[in-house]
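Take a look at the structure below.
The values are calculated or read from the model by the stated rules, or taken from the named source; none is laboratory data. Bear in mind the structure is a predicted one, so any value in this text is a computation, not a measurement. FYI the Cβ positions are ideal-geometry reconstructions off the backbone, even for glycines, and counts take in every protein chain you see. The accessibility values were calculated without ligands, DNA or RNA, using every heavy atom of the protein model including side chains. Shrake-Rupley method; radii C 1.70, N 1.55, O 1.52, S 1.80 Å.
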Amino acid sequence: MTNFVDVCALNDINKDTGVCALVNGKQVAIFRPAATDELFAVGNFDPIGKANVLSRGLISDIKGQLTVASPLYKQHYVLADGSCLEEDVSIPTYSVKIENDRVLVAA
Amino acid sequence: MSAAQNIVVIGNGMVGHKFLESLVAIDDSKQYNITVLCEEPRAAYDRVYLSSYFTGKTAEDLSLVSEGFFENNNIDIKLNCKAESIDRSAKTVATSTNETISYDKLVLATGSYPFVPPVPGHDRDNCPVYRTIEDLEAIKESAKGSKVGVVVGGGLLGLEAAKALHDLGLETHVVEFAPRLMAVQVDEAGGTLLRTKIEELGVKVHTGKNTQNITDGDQCFHKMEFADGESLETDVILFSAGIRPQDAIARESEIELGPRGGISINDHCQTSDPDVYAIGECALWGGMIYGLVAPGYNMAKVVAQHISGTGTDTFEGADMSTKLKLMGVDVASIGDCHARTEGALSYSYNDEVNQVYKKIVVSADKKLLLGAVMIGDADDYGNLLQLALNGIELPANPEALILPAMDGMEKPALGTDALPDTAQICSCNDISKGAICCSVQEGAHTIGDVKAATTAGTACGGCAPLVTQVMNAELANLGVEVNTDICEHFAYTRQDLYNIIKIEGIKSFKALLEKHGTGHGCEICKPLAGSILASVWNEYVLDDKHIGLQDTNDIYLGNMQKDGTYSVVPRMPGGEVTPEGLIEIGKVAKDYGLYTKLTGGQRVDLFGAQLHQLPEIWKRLIDAGFETGHAYGKSLRTVKSCVGSTWCRFGVDDSVGLAIELENRYKGVRGPHKIKFAVSGCTRECAEAQSKDVGVIATEKGWNLYVCGNGGMKPRHTDLLAQDLDKETLIKYIDRFLMFYVKTGDRLQRTSVWMDNLEGGLDYLKEVVLEDKLGLASELEAQMEALVDTYQCEWKTTIESPERLKRFSHFINADEKDDNIKFVEERGQIRPASEDERLKNVDLIAVS
């Protein structure tokens, strides 16, 4: 079922920033936090701002949880599970992995 | 209910007006018919700041009358209308306009008039006095074509007047009958130092001079002949030799006066006729005339309560302590400064090197402070005044109160806990310690909040350090820990981090976090660190080690709009643009279908650009000679200007030229928040410079520099920092001012709020920027120079690097566009489609 798609080279994502990839018609925001070697993939759509912008948000450590702060209105979405810390909304999460310095996403 | 009472007020000066305000505030004025007779052609204005009329303030600026005050409160104000006589048996007042007005209660607020010594020749032309706006006009007129000016009188007002003459460009002299300046408030040693300092500023002081005759001069218009045989030639003689109560109308109607004039009043401010009150400088209470505004305001409140029957406050005299800056010199005087109390002892400290003199007078048992004098440094005024007014027991070594702090010797601080709640902390606005504590209890936890809630410290600002002490003590009492940490990752303020980054030479967020922080950083500390790193080292903000720190707008060097598109703003220094440039911007906007609008900062904003279009758009703009406008940055935005003397019939100097020079100098400088400038070519102020962080206005004598204004949510007018500057000095001061703000401002704190929270306020800022009190000036200038030297157009750097451009694409792995961006047409241009329009899917414009 899990179908990983190669989206870019690891070095195409600046450390501590995100990019957006188009995977099976879905907009996926992929983050590369400086805090860890892991990557995170979540939906790119901001359900509060209603725009495809989350990949452009700041990676933010809130009480030990890695989140992305929406670039529009600054709500925090937890990268690991897609929950929102301020409002009763959530965003989808996707599997992502690094193989041979390539970034693979399943969506 | 009985018929409405007729209240007649004679005089609409500061105190007369305060009475009106107090009366209508207490009670519904509609039960009174209030008539005000005002001899002057204009209603109440601020006489305390009269000299600012010479530095650009207008009569409107000085007005104390809030809009619609008289109309809304049913007050009949008669301007140019003098009260001629009072008929106390008929209870009427006859006016110069031949009206007869009857009263139930009459309030005399006639004020005082300047005393002109009856020297032969005192009534010659060019002998003005200094009290009203008309007097200032006369002084200005006399100064035209004059070279030399003399002020007769070396008291507080005389020195104010001397400053006015000096500002008008006259060679200025002060002639004083007494052997020293400010003989009432200052002792001999203090007077000597004050004289030295004032003479250093270019004003010649002549004490012990008894003017006997004024006659025609040889080189100048007048010659003053003194009793000692000497003489002095001058073109203007300004009399400021004290005031006399304006009591003639009371004398004529046989109301009781004091032996040397002044209308005698009781504790309710009633005269010998209980239906007639007298307040302010015309009134004599306890054998004394109170020539300050605060006691007058107190009398006004007492009378308002007495007439309305709503209170029992009485006037019980007033403290005449003063602190002021005379021609830039700090002067303060408290209580019995001449040690006239029996058994009084005094301590004094005289530093001729730094020109500071301080004296305290204590009781025979050394337990109470009776008085003090300070010249050259009046920072201790607030503490000493509280000790004196509240009878607080002095420390064992009272001399330490005025000695400079030495190593190992702590200056005894006044514990504000020792003050009673009734202690008056702000004397201008009569705010007690209790009121300040109350505001703190109600949630005001910064000095800016306390000022806003109580008005304490908002008039002269002299009490601001004390207000801060009271606030901090109350916060401690409440157990409120004021957490100034910027976020969970750094237990520091912005100012701390700025200093750490600068002093330790830290060049990346990673290094900062490892050394001084915890965790991984957030959307508070990352952009903050990014901003400070840019302020200090000025590296390319999209460099690998800084890119993760940039907020929404900075990270793509554009302003993100609600739909995820960006707006593009090319820099247009001073708002000047060539037709070719404008055409090129128009072509770009047309080719990319961008919504086009002019900004408030005199440039063009292009909306609706998608991420992948940004580099193409910028390449074209840069090729056409434009640079980034930093509309996305917490940095200098624009320097707005009027067209100035090059075209304008009224322009005094080239405002556009200066605006362009300033914008090019400070472009790209990042700070705690955005920074806006404006330059006006004359005092008509078409560029609205007095609402900007930095405003510059041309005058006949050079540039005036205004700072810390703001439009926006909480408008604030600027404060005048310095005047009549040449361009070089102007730029030097702006360099220092901006870097000092960058160094000490809080995160996202505009200069207006920064100023409101600056302990010591405008005076302190002047000391730092103009007088270099902190010894920082050359460092601040050098830092600014380094920022100017390392400026780069970030968009130029970006489009020249293929590596950097990879990020400017909606998808890292596809050329498709974001299909969520939808526009519709409105007034011939695009705008983002509403949710409803998206659902209905009608009239959507194809996005290229």
Over the stretch B:81-104, the set of residues at pLDDT 95 or above and at positive phi is B:91
Are any residues in the stretch B:716-735 closer than 15 Å to residue B:754 by Cβ and open to solvent by less than 10 Å² (accessible area, probe 1.4 Å), and if so, which ones?
B:721
Which members of the stretch B:36-89 meet the condition of being among the aromatic types (Phe, Trp, Tyr) and either in a strand (DSSP E or B) or within 28 Å of residue B:276 (Cα to Cα) (or both)?
B:45, B:69, B:70
Conditions (1) open to solvent by less than 60 Å² (accessible area, probe 1.4 Å); (2) in contact with a helix residue (DSSP H, G or I) (Cβ under 8 Å, 6 or more places away or on another chain); (3) over 30 Å from residue B:614 (Cα atoms) -> residue B:774 fails only (1)
Please indicate, with yes or no, whether at least one residue in the stretch A:49-61 is over 22 Å from residue B:527 (Cα atoms) and away from chain B (no Cβ under 13 Å).
no
Across the stretch B:508-550, the tally of residues that are in contact with a Lys or Arg (Cβ under 8 Å, 6 or more places away or on another chain), acidic (Asp, Glu) and more than 24 Å from residue B:740 (Cβ to Cβ) stands at 2
For residue B:765, the lone unmet condition from (1) within 14 Å of chain A (Cβ to nearest Cβ); (2) assigned to a helix (DSSP H, G or I) is (1)
Scan of the stretch A:1-46 for residues that are of a type in the set (D, E, K, R) and more than 10 Å from every other protein chain (Cβ to nearest Cβ), ordered by number
A:26, A:37, A:38
Which of the strands (runs of 3 or more DSSP E) found entirely inside the stretch B:282-376 contain at least 3 residues meeting this: open to solvent by 50 Å² or more (accessible area, probe 1.4 Å), modelled with pLDDT of 90 or more and in contact with a Lys or Arg (Cβ under 6 Å, 6 or more places away or on another chain)?
B:345-351
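Residue-by-condition table, conditions (1) in a loop (DSSP other than H, G, I, E, B); (2) under 28 Å from residue B:756 (Cα atoms); (3) of a type in the set (Lys, Arg):
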site: B:469; (1), (2), (3): no, yes, no
site: B:484; (1), (2), (3): yes, yes, no
site: B:501; (1), (2), (3): no, yes, no
site: B:510; (1), (2), (3): no, no, yes
site: B:515; (1), (2), (3): no, no, yes
site: B:543; (1), (2), (3): yes, no, no
Of the residues that sit in the stretch B:411-434 and are open to solvent by 40 Å² or more (accessible area, probe 1.4 Å) and within 25 Å of the chain's Cα centre (by Cα), which one is modelled with the highest pLDDT?
B:424
A careful count of residues in the stretch B:688-733 that are among the polar types (S, T, N, Q) and farther than 23 Å from residue B:645 by Cβ gives 1
Grab the strands (runs of 3 or more DSSP E) fully contained in the stretch B:630-722, keeping just those with 3 or more residues being over 19 Å from residue B:570 (Cα atoms).
B:694-699, B:702-707
Can you give me the number of residues within the stretch B:230-274 that are part of a loop (DSSP other than H, G, I, E, B) and closer than 30 Å to residue B:141 by Cα?
7
Tell me which residues, restricted to the stretch B:786-837, are outside any loop (DSSP other than H, G, I, E, B), closer than 30 Å to residue B:669 by Cα and either open to solvent by 30 Å² or more (accessible area, probe 1.4 Å) or touching a Gly at 6+ places or on another chain (Cβ under 6 Å) (or both).
B:786, B:788, B:789, B:796, B:797, B:799, B:802, B:803, B:804, B:805
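Residue-by-condition table, conditions (1) closer than 26 Å to residue B:53 by Cβ; (2) open to solvent by less than 10 Å² (accessible area, probe 1.4 Å); (3) not in a strand (DSSP E or B):
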{"site": "B:162", "(1), (2), (3)": "yes, yes, yes"}
{"site": "B:165", "(1), (2), (3)": "yes, yes, yes"}
{"site": "B:184", "(1), (2), (3)": "yes, no, yes"}
{"site": "B:192", "(1), (2), (3)": "no, no, yes"}
{"site": "B:198", "(1), (2), (3)": "yes, yes, yes"}
For the list (1) part of a loop (DSSP other than H, G, I, E, B); (2) basic (Lys, Arg); (3) free of Cβ contacts under 8 Å to residues at least 40 places away in the same chain; (4) in contact with a strand residue (DSSP E or B) (Cβ under 8 Å, 6 or more places away or on another chain), I need the number of the one condition that residue B:131 fails.
(3)
Report yes if some residue within the stretch B:117-124 is assigned to a loop (DSSP other than H, G, I, E, B), without any contact (Cβ under 8 Å) to a residue 12 or more places away in the chain and not assigned by TED's automatic domain parsing to the domain that holds residue B:41; otherwise report no.
yes
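Residue-wise test of (1) open to solvent by less than 50 Å² (accessible area, probe 1.4 Å); (2) not assigned by TED's automatic domain parsing to the domain that holds residue B:709.
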| residue | (1), (2) |
| --- | --- |
| B:564 | yes, yes |
| B:567 | yes, yes |
| B:582 | no, yes |
| B:586 | yes, yes |
| B:592 | yes, yes |
| B:623 | no, yes |
| B:641 | yes, no |
Of all residues in the stretch B:503-534, count the ones that are open to solvent by 60 Å² or more (accessible area, probe 1.4 Å) and under 23 Å from residue B:669 (Cα atoms).
4
Residue satisfying condition, being in contact with an Asp or Glu (Cβ under 7 Å, 6 or more places away or on another chain) and among the charged types (D, E, K, R), within set B:323, B:367
B:367
Can you tell me which residue is farthest from residue A:3 (Cα to Cα) among those in the stretch A:62-107 that are touching a residue at least 40 places away in the same chain (Cβ under 8 Å) and at the interface with chain B (Cβ under 10 Å from one of its Cβ atoms)?
A:68
Name the residue, out of B:61, B:87, that is open to solvent by 70 Å² or more (accessible area, probe 1.4 Å) and either closer than 30 Å to residue B:682 by Cα or in the same structural domain as residue B:281 (by TED's automatic domain parsing) (or both).
B:61
Tell me which residues, restricted to the stretch B:517-556, are over 36 Å from the mean Cα position of the chain (by Cα), closer than 14 Å to residue B:492 by Cα and more than 8 Å from every other protein chain (Cβ to nearest Cβ).
B:517, B:518
Do you know which residues across the stretch B:435-455 are open to solvent by less than 20 Å² (accessible area, probe 1.4 Å), of a type in the set (A, V, I, L, M, F, W, C) and over 19 Å from residue B:754 (Cβ atoms)?
B:436, B:437, B:440
